[in-house]
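A short worksheet on the structure shown next.
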Amino acid sequence: MITFVSITNEDQEKSIFAVMKRPLIIFFLFFFFSQHLFAQRYVTQSNADSSVVVTKDSRVDELINKQKEINLQKQTMPGYRIQVYFGVNRQKATEVKSEFSSKHLDVNSYLTYSQPNFKVRVGDFRTRLEAQKFLKEIQGVYGTSFIVSDDIRIPVLK
């Protein structure tokens with residue numbers, strides 16, 4: 001059995017509009033939001049003598065301020081220390097730390113515990129060369145000492 005469905009011109013116009021309505025809505029939504037998503041807020045700054053003109057996105061300043069806040073909270077940087085003791089004896093680690101501190105007042109010393117061992121590390125050296133120079137000074141007293149990479153305190157600028 002075959003049935004025929006008659007479509008009037010009015011029904012045909014409604015169906016074409018219904019099919020075209022979705023892509024049009026999607027296009028207008030994409031167009032509207034893309035203007036906001038990809039919009040860049042440029043700021044131009046120049047010196048009084050106009051020797052330098054800087055054009056940048058205004059969000060760069062926001063990122064710089066955020067990084068400043070992170071740096072103020074962290075107060076450390078990658079660097080080097082010299083490990084002068086490593087062992088399970090806490091009392092011995094404390095003795096080595098206090099002995100070192102009494103001999104070298106200007107160099108910081110740190111006692112840390114990493115299960116099951118205690119470590120005594122000294123110095124806040126920015127470069128390996130600085131650490132190596134100090135290692136040569138103390139190697140006679142602390143024969144098993146060696147340089148390790150560590151997060152060091154940010155040194156005070158003079």
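Table for the structure above
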{"read-out": "Stretchable slack from residue 75 to residue 103, in nm (0.36 nm times residue separation minus alpha-carbon distance)", "value": "7.4 nm"}
{"read-out": "Calculated FRET efficiency for the pair residue 92/residue 126, C-beta based, R₀ 25 Å, to 0.05", "value": "0.25"}
{"read-out": "In Hz, Karplus ³J(HN,Hα) per residue of region 114-131 (6.51, -1.76, 1.60; θ = phi - 60°; x = Gly, Pro)", "value": "10, 2, x, 10, 9, 10, 10, 10, 10, x, 9, 9, 6, 10, 5, 5, 4, 5"}
{"read-out": "Region 42-138 shape via C-alpha gyration tensor axes, a/c threshold 1.5", "value": "prolate"}
{"read-out": "Mean-position separation - Cα centroids, region 90-154 and region 66-86, in angstrom", "value": "15"}
{"read-out": "Neighbourhood charge, 13 Å Cβ-Cβ cut-off, centred on residue 121 and excluding it, Lys, Arg +1 and Asp, Glu -1", "value": "+1"}
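No value in this document is a laboratory result; all are computed from the given coordinates. Since the model is a prediction, treat every value here as computed from it, not as a measurement. FYI the Cβ positions are ideal-geometry reconstructions off the backbone, even for glycines, and counts take in every protein chain you see.
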